[in-house]
Amino acid sequence: MTAVPPRTVRAVDTNQLLDLEQEAATLGFSQRLPVDWLRAHLATEATHYLVPTLVHQLRHRPEVSPQWRCQLLLTVTTGEQIWGLLDVLPERFDGLPETLDAAARKDIVSRIERAVTQREWSERMHPEEMPRN
């Protein structure tokens with residue numbers, strides 16, 4: 001296993017992303033978005049992007065360690081692109097096809113840097129869904 005995640009971007013459709021998010025939930029990963037929220041708010045026919053940024057080690061759970069913490073660029077039903085995080089097993093990430101050229105990967109990373117977070121978007125668009133303190 002490599003000590004650093006690859007410097008690349010993977011494109012996935014909505015169903016693939018939901019599968020990755022469900023796997024993260026089932027395995028109890030700390031960085032993931034609620035699958036029900038994603039089903040309600042992701043653009044169905046959109047392409048979403050994963051950018052691995054760091055290796056997340058869980059010494060107390062070696063069966064699911066390491067994980068790659070990925071930044072996500074998600075397209076929601078309004079057409080906006082928002083930012084989130086998702087922990088993914090390296091072998092699952094490696095199983096996603098490499099379909100983007102260098103210019104497209106650079107553009108996606110740039111868009112992630114400008115995107116609002118999932119929480120910010122949700123607070124603005126759906127304040128009724130936010131937990132009350």
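The values are calculated or read from the model by the stated rules, or taken from the named source; none is laboratory data. Since we're looking at a predicted model, the values are computed, not measured. Heads up, the Cβs are rebuilt from the backbone with ideal geometry, glycines too, and the neighbour counts pull from every protein chain shown.
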For this session: Find the residue count for region 97-133, including only residues that are modelled with pLDDT of 95 or more, within 19 Å of residue 74 (Cβ to Cβ) and part of a loop (DSSP other than H, G, I, E, B).
Result: 2
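Which of the residues that make up region 28-47 are of a type in the set (A, V, I, L, M) and touching a residue at least 40 places away in the same chain (Cβ under 8 Å)?
Of region 28-47, the ones of a type in the set (A, V, I, L, M) are 33, 35, 38, 40, 42-43, 46.
Residue satisfying the conditions is 33 alone.
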Problem set entry | Some residue of region 11-23 being without any contact (Cβ under 8 Å) to a residue 60 or more places away in the chain and farther than 14 Å from residue 76 by Cα | yes
For this session: Keeping to region 41-73, report how many residues are farther than 17 Å from residue 105 by Cβ, part of a strand (DSSP E or B) and at pLDDT 95 or above.
Result: 1
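Conditions tested, residue by residue: (1) of a type outside the set (Ser, Thr, Tyr); (2) under 12 Å from the mean Cα position of the chain (by Cα); (3) part of a helix (DSSP H, G or I).
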site	(1), (2), (3)
5	yes, no, no
8	no, no, no
19	yes, yes, yes
33	yes, yes, no
36	yes, no, yes
39	yes, no, yes
For this session: Just need a number here: residues in region 99-124 that are surrounded by 12 or more Cβ atoms within 10 Å (Cβ to Cβ) and in contact (Cβ under 8 Å) with a residue 60 or more places away in the chain.
Result: 8
